[in-house]
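Below: the structure, in C-alpha coordinates.
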Amino acid sequence: MREVVEKKVLSENDRLAAELRQRYREENILCVNIISSPGSGKTAMLEQTLASYPKTARVAVLTGDLQTDNDARRLARYGFPVRQIVTGGTCHLDARMVTRHLDEMGFKGPGILFVENVGNLVCPSSYDLGEVAKIVLLSVTEGEDKPLKYPGIFHRASLMVLTKTDLLPHVEFDPKLALENARKIHPEIEYIALSSRTREGFPEWLNWLRGLHEKVQAETAAAIS
Amino acid sequence: MNVHEVGIAASILESVEAEARRRPGARFEVVGVRIGELSNVDKDALEFAFEALTRNTPLAGLRLEVEWCARRQKCLDCAAEFAVREFDLRCPSCGTDKTSCIGGTELDIAYLELEEPCVKL
(Lines give C-alpha, C1' and ligand atoms only; values in the text may rest on other atoms or scores of the structure.)
Protein backbone atom coordinates (compact mmCIF):
# COMPACT_ATOMS: atom_id res chain seq x y z
CA MET A 1 0.00 0.00 0.00
CA ARG A 2 1.40 3.38 -0.96
CA GLU A 3 0.72 6.30 1.29
CA VAL A 4 1.42 9.89 0.33
CA VAL A 5 3.42 11.72 2.99
CA GLU A 6 4.52 15.03 1.40
CA LYS A 7 6.63 16.62 4.04
CA LYS A 8 10.01 18.31 4.07
CA VAL A 9 12.85 16.08 5.15
CA LEU A 10 14.04 18.89 7.41
CA SER A 11 10.54 19.84 8.62
CA GLU A 12 11.58 19.80 12.30
CA ASN A 13 14.44 22.22 11.57
CA ASP A 14 12.10 24.35 9.46
CA ARG A 15 9.63 24.53 12.36
CA LEU A 16 12.31 25.73 14.80
CA ALA A 17 13.64 28.18 12.20
CA ALA A 18 10.15 29.64 11.79
CA GLU A 19 10.03 30.21 15.56
CA LEU A 20 13.40 31.96 15.42
CA ARG A 21 12.21 34.09 12.50
CA GLN A 22 9.15 35.13 14.47
CA ARG A 23 11.29 35.95 17.50
CA TYR A 24 13.67 38.06 15.39
CA ARG A 25 10.73 39.96 13.95
CA GLU A 26 9.19 40.62 17.36
CA GLU A 27 12.49 41.71 18.90
CA ASN A 28 13.67 43.68 15.87
CA ILE A 29 16.79 41.56 15.41
CA LEU A 30 18.42 41.45 12.00
CA CYS A 31 19.92 37.98 11.67
CA VAL A 32 22.32 37.13 8.86
CA ASN A 33 23.81 33.68 8.24
CA ILE A 34 27.39 33.85 6.95
CA ILE A 35 28.57 30.85 4.96
CA SER A 36 31.81 30.01 3.13
CA SER A 37 34.51 27.40 2.69
CA PRO A 38 36.98 27.04 5.58
CA GLY A 39 39.52 29.85 5.41
CA SER A 40 37.61 32.29 3.20
CA GLY A 41 37.75 35.00 5.86
CA LYS A 42 34.44 34.89 7.73
CA THR A 43 36.00 35.56 11.12
CA ALA A 44 38.34 38.27 9.82
CA MET A 45 35.42 40.03 8.15
CA LEU A 46 33.40 39.83 11.37
CA GLU A 47 36.34 41.19 13.41
CA GLN A 48 36.54 44.25 11.20
CA THR A 49 32.76 44.54 11.18
CA LEU A 50 32.59 44.56 14.98
CA ALA A 51 35.46 47.05 15.07
CA SER A 52 33.31 49.39 12.95
CA TYR A 53 30.52 49.69 15.50
CA PRO A 54 30.50 52.05 18.49
CA LYS A 55 30.65 50.35 21.90
CA THR A 56 27.00 51.21 22.48
CA ALA A 57 25.81 49.35 19.38
CA ARG A 58 23.66 46.28 19.87
CA VAL A 59 25.36 43.52 17.91
CA ALA A 60 26.14 39.92 18.77
CA VAL A 61 27.80 36.92 17.14
CA LEU A 62 27.15 33.20 17.26
CA THR A 63 30.08 31.40 15.69
CA GLY A 64 30.08 27.73 14.75
CA ASP A 65 33.01 25.35 14.48
CA LEU A 66 33.55 21.62 14.68
CA GLN A 67 36.09 22.14 17.45
CA THR A 68 37.79 24.92 19.50
CA ASP A 69 36.55 28.28 20.71
CA ASN A 70 39.34 30.12 18.89
CA ASP A 71 36.93 32.18 16.79
CA ALA A 72 34.85 33.27 19.77
CA ARG A 73 38.01 34.39 21.57
CA ARG A 74 39.11 36.39 18.53
CA LEU A 75 35.69 38.03 18.24
CA ALA A 76 35.16 38.66 21.97
CA ARG A 77 37.95 41.25 21.98
CA TYR A 78 35.60 43.82 20.49
CA GLY A 79 33.39 43.96 23.59
CA PHE A 80 30.14 42.60 22.11
CA PRO A 81 28.33 39.40 23.14
CA VAL A 82 29.92 36.45 21.33
CA ARG A 83 29.22 32.79 21.78
CA GLN A 84 30.96 29.77 20.31
CA ILE A 85 28.85 26.86 19.12
CA VAL A 86 31.05 23.76 19.05
CA THR A 87 29.21 21.26 16.89
CA GLY A 88 31.51 18.36 17.76
CA GLY A 89 31.73 17.11 14.20
CA THR A 90 28.42 18.23 12.73
CA CYS A 91 29.19 20.05 9.50
CA HIS A 92 26.59 22.84 9.85
CA LEU A 93 24.57 24.79 12.38
CA ASP A 94 20.91 23.93 12.77
CA ALA A 95 18.02 25.91 14.20
CA ARG A 96 18.02 23.96 17.47
CA MET A 97 21.67 24.87 18.19
CA VAL A 98 21.03 28.52 17.40
CA THR A 99 17.95 28.64 19.63
CA ARG A 100 19.77 27.11 22.58
CA HIS A 101 22.83 29.34 22.32
CA LEU A 102 20.77 32.46 21.70
CA ASP A 103 18.80 31.71 24.88
CA GLU A 104 21.98 31.12 26.86
CA MET A 105 23.63 34.26 25.52
CA GLY A 106 20.55 36.27 26.46
CA PHE A 107 20.85 38.67 23.52
CA LYS A 108 17.73 40.80 23.07
CA GLY A 109 16.84 43.12 20.22
CA PRO A 110 16.84 45.56 18.72
CA GLY A 111 20.13 44.76 17.10
CA ILE A 112 22.09 42.69 14.63
CA LEU A 113 22.89 39.02 15.13
CA PHE A 114 25.69 37.62 12.97
CA VAL A 115 25.69 33.85 12.69
CA GLU A 116 29.02 32.57 11.44
CA ASN A 117 28.32 29.10 10.15
CA VAL A 118 30.72 26.16 10.10
CA GLY A 119 33.20 26.51 7.22
CA ASN A 120 31.49 24.46 4.53
CA LEU A 121 29.77 25.40 1.28
CA VAL A 122 27.51 22.36 1.15
CA CYS A 123 25.66 21.43 4.33
CA PRO A 124 24.86 24.85 5.86
CA SER A 125 22.84 25.79 2.79
CA SER A 126 20.16 23.18 3.63
CA TYR A 127 19.50 24.34 7.19
CA ASP A 128 17.31 27.39 7.67
CA LEU A 129 18.33 29.30 10.82
CA GLY A 130 15.53 31.87 10.62
CA GLU A 131 17.87 34.44 9.10
CA VAL A 132 16.75 37.29 6.88
CA ALA A 133 19.64 36.65 4.50
CA LYS A 134 22.32 34.13 3.78
CA ILE A 135 25.64 35.69 2.83
CA VAL A 136 28.19 33.64 0.93
CA LEU A 137 31.88 34.54 1.00
CA LEU A 138 34.33 33.67 -1.73
CA SER A 139 38.00 34.60 -1.36
CA VAL A 140 40.28 35.53 -4.24
CA THR A 141 42.53 32.55 -3.45
CA GLU A 142 39.74 30.17 -4.46
CA GLY A 143 38.50 29.38 -7.97
CA GLU A 144 36.16 31.62 -9.96
CA ASP A 145 34.08 28.53 -10.76
CA LYS A 146 33.07 27.85 -7.15
CA PRO A 147 29.52 29.16 -7.75
CA LEU A 148 29.11 26.55 -10.49
CA LYS A 149 30.51 23.79 -8.30
CA TYR A 150 28.34 24.71 -5.28
CA PRO A 151 25.16 26.08 -6.88
CA GLY A 152 22.98 25.34 -3.84
CA ILE A 153 24.46 28.01 -1.62
CA PHE A 154 24.89 30.62 -4.37
CA HIS A 155 21.26 30.07 -5.32
CA ARG A 156 20.10 30.72 -1.75
CA ALA A 157 22.43 33.57 -0.77
CA SER A 158 21.23 37.15 -1.09
CA LEU A 159 24.74 38.55 -1.16
CA MET A 160 28.10 37.30 -2.38
CA VAL A 161 31.10 38.90 -0.69
CA LEU A 162 34.44 38.60 -2.43
CA THR A 163 37.09 38.66 0.31
CA LYS A 164 40.87 39.21 0.48
CA THR A 165 40.84 41.68 -2.42
CA ASP A 166 44.20 43.05 -1.18
CA LEU A 167 45.70 39.83 -2.61
CA LEU A 168 44.34 40.41 -6.13
CA PRO A 169 47.68 41.72 -7.51
CA HIS A 170 49.33 38.45 -6.44
CA VAL A 171 46.84 35.84 -7.63
CA GLU A 172 45.22 34.93 -10.91
CA PHE A 173 41.64 35.57 -10.02
CA ASP A 174 39.12 37.35 -12.19
CA PRO A 175 36.40 38.92 -9.97
CA LYS A 176 34.24 39.64 -13.03
CA LEU A 177 34.24 35.98 -14.02
CA ALA A 178 33.42 34.89 -10.45
CA LEU A 179 30.45 37.25 -10.38
CA GLU A 180 29.31 36.12 -13.84
CA ASN A 181 29.37 32.52 -12.61
CA ALA A 182 27.41 33.42 -9.46
CA ARG A 183 24.80 35.20 -11.57
CA LYS A 184 24.47 32.20 -13.88
CA ILE A 185 23.12 30.39 -10.82
CA HIS A 186 21.37 33.34 -9.20
CA PRO A 187 20.90 36.38 -11.48
CA GLU A 188 19.73 38.66 -8.62
CA ILE A 189 22.58 37.95 -6.19
CA GLU A 190 24.11 41.14 -4.83
CA TYR A 191 27.86 41.63 -4.76
CA ILE A 192 30.43 43.39 -2.60
CA ALA A 193 34.23 43.06 -2.79
CA LEU A 194 36.26 43.78 0.33
CA SER A 195 39.50 43.31 2.17
CA SER A 196 39.53 42.76 5.93
CA ARG A 197 43.18 43.90 5.99
CA THR A 198 42.83 47.23 4.20
CA ARG A 199 39.10 47.70 4.95
CA GLU A 200 38.51 48.45 1.28
CA GLY A 201 34.82 47.72 0.64
CA PHE A 202 33.75 47.93 4.27
CA PRO A 203 31.66 51.09 3.82
CA GLU A 204 29.65 49.24 1.15
CA TRP A 205 29.24 46.16 3.38
CA LEU A 206 28.11 48.18 6.41
CA ASN A 207 25.76 50.16 4.18
CA TRP A 208 24.31 46.96 2.79
CA LEU A 209 23.58 45.73 6.33
CA ARG A 210 22.01 49.05 7.31
CA GLY A 211 19.85 49.05 4.20
CA LEU A 212 18.72 45.50 4.82
CA HIS A 213 17.84 46.26 8.44
CA GLU A 214 15.81 49.31 7.41
CA LYS A 215 14.01 47.30 4.75
CA VAL A 216 13.12 44.55 7.23
CA GLN A 217 11.93 47.09 9.82
CA ALA A 218 9.75 48.80 7.22
CA GLU A 219 8.26 45.46 6.14
CA THR A 220 7.53 44.53 9.76
CA ALA A 221 5.91 47.91 10.42
CA ALA A 222 3.79 47.55 7.28
CA ALA A 223 2.72 44.04 8.32
CA ILE A 224 1.61 45.28 11.75
CA SER A 225 -0.38 48.29 10.46
CA MET B 1 31.48 9.71 3.51
CA ASN B 2 29.95 13.14 3.71
CA VAL B 3 28.50 13.78 7.17
CA HIS B 4 25.78 15.88 5.58
CA GLU B 5 23.98 12.92 4.01
CA VAL B 6 24.07 11.06 7.33
CA GLY B 7 22.09 13.90 8.91
CA ILE B 8 19.64 13.95 6.01
CA ALA B 9 19.22 10.14 6.17
CA ALA B 10 18.66 10.37 9.94
CA SER B 11 15.97 13.03 9.42
CA ILE B 12 14.21 10.83 6.86
CA LEU B 13 14.31 7.89 9.28
CA GLU B 14 12.92 10.01 12.12
CA SER B 15 9.86 10.69 9.98
CA VAL B 16 9.50 7.01 9.10
CA GLU B 17 9.82 6.05 12.77
CA ALA B 18 7.12 8.56 13.69
CA GLU B 19 4.83 6.93 11.09
CA ALA B 20 5.78 3.49 12.40
CA ARG B 21 4.72 4.45 15.92
CA ARG B 22 1.30 5.42 14.59
CA ARG B 23 0.89 2.03 12.89
CA PRO B 24 1.95 -0.79 15.17
CA GLY B 25 2.55 -4.01 13.30
CA ALA B 26 2.88 -2.41 9.86
CA ARG B 27 5.88 -3.42 7.78
CA PHE B 28 7.54 -0.51 6.01
CA GLU B 29 9.01 -1.41 2.65
CA VAL B 30 9.82 1.79 0.78
CA VAL B 31 10.29 5.45 1.56
CA GLY B 32 10.22 7.73 -1.48
CA VAL B 33 12.06 11.05 -1.44
CA ARG B 34 12.51 13.90 -3.89
CA ILE B 35 15.96 15.46 -4.10
CA GLY B 36 16.57 18.61 -6.13
CA GLU B 37 19.87 19.36 -7.79
CA LEU B 38 20.13 22.59 -5.76
CA SER B 39 19.63 20.74 -2.47
CA ASN B 40 23.31 19.82 -2.15
CA VAL B 41 22.53 16.21 -1.41
CA ASP B 42 24.49 13.49 -3.14
CA LYS B 43 22.26 10.55 -4.07
CA ASP B 44 24.91 7.84 -3.67
CA ALA B 45 26.11 9.18 -0.32
CA LEU B 46 22.51 9.39 0.89
CA GLU B 47 21.79 5.80 -0.14
CA PHE B 48 24.97 4.63 1.59
CA ALA B 49 24.13 6.52 4.79
CA PHE B 50 20.54 5.26 4.72
CA GLU B 51 21.65 1.64 4.43
CA ALA B 52 24.22 2.10 7.22
CA LEU B 53 21.70 3.70 9.58
CA THR B 54 18.98 1.08 9.04
CA ARG B 55 21.21 -2.01 9.27
CA ASN B 56 20.37 -4.15 12.32
CA THR B 57 17.44 -1.93 13.27
CA PRO B 58 13.69 -2.60 13.09
CA LEU B 59 13.76 -0.68 9.78
CA ALA B 60 16.43 -2.91 8.21
CA GLY B 61 15.49 -3.68 4.62
CA LEU B 62 13.55 -0.47 4.14
CA ARG B 63 14.28 0.72 0.62
CA LEU B 64 14.97 4.32 -0.27
CA GLU B 65 13.61 5.47 -3.63
CA VAL B 66 15.07 8.74 -4.82
CA GLU B 67 13.45 10.92 -7.45
CA TRP B 68 16.10 13.31 -8.74
CA CYS B 69 14.71 16.74 -9.69
CA ALA B 70 16.48 19.02 -12.14
CA ARG B 71 16.39 22.78 -11.72
CA ARG B 72 13.29 24.19 -13.40
CA GLN B 73 12.50 27.78 -14.30
CA LYS B 74 9.33 29.55 -15.32
CA CYS B 75 9.40 32.39 -17.84
CA LEU B 76 7.99 35.62 -16.39
CA ASP B 77 7.05 36.85 -19.88
CA CYS B 78 5.50 33.88 -21.69
CA ALA B 79 4.95 31.51 -18.71
CA ALA B 80 6.82 28.62 -20.35
CA GLU B 81 8.31 26.15 -17.88
CA PHE B 82 11.60 24.43 -18.65
CA ALA B 83 14.42 22.34 -17.19
CA VAL B 84 17.74 24.19 -17.00
CA ARG B 85 20.65 22.80 -18.96
CA GLU B 86 24.24 24.02 -18.79
CA PHE B 87 23.34 26.86 -16.40
CA ASP B 88 21.29 28.57 -19.11
CA LEU B 89 18.38 30.30 -17.35
CA ARG B 90 17.00 31.95 -20.51
CA CYS B 91 13.56 30.96 -21.74
CA PRO B 92 13.88 28.51 -24.65
CA SER B 93 10.49 29.67 -26.02
CA CYS B 94 10.84 33.45 -26.16
CA GLY B 95 14.51 34.03 -25.27
CA THR B 96 14.01 36.42 -22.36
CA ASP B 97 16.29 36.14 -19.31
CA LYS B 98 13.43 37.09 -16.98
CA THR B 99 12.71 33.69 -15.47
CA SER B 100 12.31 32.47 -11.92
CA CYS B 101 13.20 29.22 -10.20
CA ILE B 102 10.27 26.85 -9.63
CA GLY B 103 12.07 23.58 -8.96
CA GLY B 104 15.35 21.96 -8.02
CA THR B 105 15.49 22.76 -4.31
CA GLU B 106 13.35 19.78 -3.26
CA LEU B 107 14.30 17.82 -0.17
CA ASP B 108 10.98 16.12 0.49
CA ILE B 109 9.58 12.86 1.73
CA ALA B 110 6.98 11.99 -0.88
CA TYR B 111 5.52 8.62 0.08
CA LEU B 112 5.79 5.42 2.07
CA GLU B 113 4.96 1.90 0.97
CA LEU B 114 3.87 -0.42 3.73
CA GLU B 115 2.05 -3.62 4.55
CA GLU B 116 -0.53 -3.24 7.29
CA PRO B 117 -1.33 -6.31 9.39
CA CYS B 118 -4.59 -8.01 8.37
CA VAL B 119 -7.45 -6.96 10.54
CA LYS B 120 -10.18 -9.56 11.00
CA LEU B 121 -13.61 -8.03 10.98
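See the values below:
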{"quantity": "Residue list for region A:33-50, filter: part of a helix (DSSP H, G or I) and touching a strand residue (DSSP E or B) at 6+ places or on another chain (Cβ under 8 Å)", "calculated": "A:Lys42, A:Thr43, A:Ala44, A:Met45, A:Leu46, A:Thr49, A:Leu50"}
{"quantity": "Residue ID - farthest from the other protein chains (Cβ to nearest Cβ), chosen from residues in region A:1-32 that are closer than 17 Å to A:Asp103 by Cβ and assigned to a strand (DSSP E or B)", "calculated": "A:Ile29"}
{"quantity": "Test: residue in region A:112-124 that is more than 13 Å from every other protein chain (Cβ to nearest Cβ), within 22 Å of A:Asp65 (Cα to Cα) and in a helix (DSSP H, G or I)", "calculated": "no"}
{"quantity": "Residue in region A:192-199 that is assigned to a strand (DSSP E or B) and either away from chain B (no Cβ under 14 Å) or more than 19 Å from A:Gly39 (Cβ to Cβ) (or both) present", "calculated": "yes"}
{"quantity": "Close pairs (8 angstrom Cβ cut-off, 6 or more residues apart or separate chains): over 12 Å from B:Ile109 (Cβ atoms) and touching a residue at least 60 places away in the same chain (Cβ under 8 Å) in region B:15-42, among the small types (Gly, Ala, Ser) and assigned to a strand (DSSP E or B) anywhere", "calculated": "B:Gly36/B:Gly103"}
{"quantity": "Failed condition for B:Asp77, given (1) more than 9 Å from every other protein chain (Cβ to nearest Cβ); (2) surrounded by 15 or more Cβ atoms within 10 Å (Cβ to Cβ); (3) part of a loop (DSSP other than H, G, I, E, B); (4) not aromatic (Phe, Trp, Tyr)", "calculated": "(2)"}
{"quantity": "Complete set of residues in region A:178-222 that are within 20 Å of A:Cys31 (Cβ to Cβ), in contact (Cβ under 8 Å) with a residue 24 or more places away in the chain and among the aliphatic types (A, V, I, L, M)", "calculated": "A:Ile189, A:Ile192, A:Leu206, A:Leu209, A:Leu212, A:Val216"}
{"quantity": "Search result, residues across region B:80-102 that are of a type in the set (Gly, Ala, Ser) and either part of a loop (DSSP other than H, G, I, E, B) or away from chain A (no Cβ under 12 Å) (or both)", "calculated": "B:Ala80, B:Ala83, B:Ser93, B:Gly95"}
{"quantity": "Within region B:3-21, considering residues that are within 10 Å of A:Ser126 (Cβ to Cβ) and of a type outside the set (Gly, Ala, Ser), the one farthest from the other protein chains (Cβ to nearest Cβ)", "calculated": "B:Ile8"}
{"quantity": "Any pair with Cβ under 6 angstrom, 6 or more apart, that starts in region A:49-73 at a residue that is among the basic types (Lys, Arg) and ends at one that is surrounded by 15 or more Cβ atoms within 10 Å (Cβ to Cβ)", "calculated": "A:Arg58/A:Gly111"}
{"quantity": "Checking A:Ser225 against (1) polar (S, T, N, Q); (2) at pLDDT below 95; (3) surrounded by 14 or more Cβ atoms within 10 Å (Cβ to Cβ), the condition it does not meet", "calculated": "(3)"}
{"quantity": "Residue count, region A:78-95 (criterion: out of contact with any Asp or Glu (no Cβ under 8 Å at 6 or more places or on another chain) and in contact (Cβ under 8 Å) with a residue 24 or more places away in the chain)", "calculated": "8"}
{"quantity": "Scan of region A:146-179 for residues that are more than 20 Å from A:Glu190 (Cβ to Cβ) and of a type in the set (Asp, Glu), ordered by number", "calculated": "A:Asp166, A:Glu172"}
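The values are calculated or read from the model by the stated rules, or taken from the named source; none is laboratory data. Not measured: the values here are computed from a predicted model. All Cβ positions, glycine included, derive from the backbone under ideal geometry; neighbour counts span all protein chains shown.
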